[in-house]
Amino acid sequence: MPGTMVLHQICSDTKNIGYGGGMTFTFGIYPGGLLGDDTGVIEPVHPDDPARITAALRELQGTAPAFLVRAYRSYTDAAPVAAATPAEPARYAVEGRRLDLVLQFREPSGRLDGWLDHVRRTVRTEGHLIGTLQICEEPNADLPPVDGSIPNVRQALVQGVIAAKEEALARGHELAVGFNAALNPDPADTFWAELGALADERFHRALDYVGLDFFPDVFRPVPPERLAGAVAAVLTGFRHDALAKAGIGPSVPVRICEHGWPTGPDRSEQRQAEVVEEVVRTVAGLAGELTVDGYAFFSLRDADSAGTGPFDRFGLLRDDYSRKPAFEVYRRLVGELTAP
């Protein structure tokens, strides 16, 4: 389950390892309707429509040689082969698109044996479909829908990254292995220092990227004239402060795994389009300076376009797949910023 939306109650060219070592900035999107808030799962009012999803993905990708399709899969010892969201994500890994697959560690006991087998099996059987493999979902966020609430999650992260990379190398799969984190501005946060204490040389050799989930001007208002500066400050702090505490150096790429801005009663669709334009251009403009190699939008469509809750309308499309202005903006940016 996407942990996104837990979001943040705790509030030009770069190396793309997952695509053959070339220099590019890779875009992507989460195309499912299901999401999670700080209490649990939010089901979409209409089920996912694979044909419409495929058509939208094709249009967003345009002529870009690569485009990532984000999907989530939870693991527990009791259900080691959990369903993914969106369902059957392999069907979207075609025409130059590959999966940005998130393996969530949800085993209540914190046991790792079955988890590590699950990680290796995923790489062994699906590695040819995967562009990026994210180990754990927001392991620094101690909230029910995401992995920071699970015992032993830091060990699951470190050992999972190592296991995934070892299996990928053994099988000859070119995929990038990493993990993500939610934005946490609390100066007393100990996650990164604790991760650094656990991370050994094998972990650092295996780590291909670190992802950031952030949603500026969603849960804490940011004046429009300060949005670009806020984005730059967050990325700079993440690179030079958070990652440094864990001993993760400047050569390891950062990517934006989840970013979005919902529409709603007091949040216009036109403003959403403006936010997408400004945030994407700001992130891409910092790619060289901060080694940022990609951006993914959350999400393709609304869960409920008639809803009034903060998590109902994150989509570039409405719940019936009709377009908001931001869809065309994102399509244009993908084409422009991945052009040769």
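The values are calculated or read from the model by the stated rules, or taken from the named source; none is laboratory data. Just so it is clear, the structure is predicted and the values come from calculations on it, not from any experiment. All Cβ positions, even for glycine, are placed from backbone atoms using ideal geometry, and neighbour counts span all protein chains on display.
Here are the numbers for this structure:
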quantity: Residue count for the range 166-176, restricted to those that are surrounded by fewer than 19 Cβ atoms within 10 Å (Cβ to Cβ) and either touching a Phe, Trp or Tyr at 6+ places or on another chain (Cβ under 7 Å) or part of a helix (DSSP H, G or I) (or both); calculated: 4
quantity: Qualifying residue in the range 197-205 (condition: in contact with a strand residue (DSSP E or B) (Cβ under 9 Å, 6 or more places away or on another chain) and either farther than 17 Å from Asp77 by Cα or assigned to a helix (DSSP H, G or I) (or both)); calculated: no
quantity: Any hit, the range 100-110, residues being more than 17 Å from the chain's Cα centre (by Cα) and surrounded by 20 or more Cβ atoms within 10 Å (Cβ to Cβ); calculated: yes
quantity: Single condition Asp48 does not satisfy, out of (1) under 19 Å from His173 (Cβ atoms); (2) over 18 Å from the mean Cα position of the chain (by Cα); (3) at pLDDT 95 or above; calculated: (1)
quantity: Residues within the range 120-165 that are crowded, with 24+ Cβ neighbours inside 10 Å, within 12 Å of Leu101 (Cβ to Cβ) and charged (D, E, K, R), tallied; calculated: 1
quantity: Candidates Pro151, Pro145, filtered to the one that is of a type outside the set (Val, Ile, Thr), closer than 20 Å to Gly114 by Cα and assigned to a loop (DSSP other than H, G, I, E, B); calculated: Pro151
quantity: Tabulated pairs, the range 216-244, first closer than 13 Å to Val283 by Cβ, second acidic (Asp, Glu) and in a loop (DSSP other than H, G, I, E, B), C-beta under 7 angstrom, 6+ apart or interchain; calculated: Leu227/Asp217
quantity: Per-region count, the range 29-56, residues assigned to a loop (DSSP other than H, G, I, E, B), surrounded by fewer than 22 Cβ atoms within 10 Å (Cβ to Cβ) and touching a strand residue (DSSP E or B) at 6+ places or on another chain (Cβ under 7 Å); calculated: 1
quantity: Among the residues listed as Ser74, Ser109, the single one being outside any helix (DSSP H, G or I), out of contact with any helix residue (DSSP H, G or I) (no Cβ under 8 Å at 6 or more places or on another chain), more than 20 Å from Phe311 (Cβ to Cβ) and modelled with pLDDT of 95 or more; calculated: Ser109
quantity: Subset of the range 283-333 that is within 23 Å of Ser268 (Cβ to Cβ) and β-branched (Val, Ile, Thr) - its residue that is modelled with the lowest pLDDT; calculated: Thr308
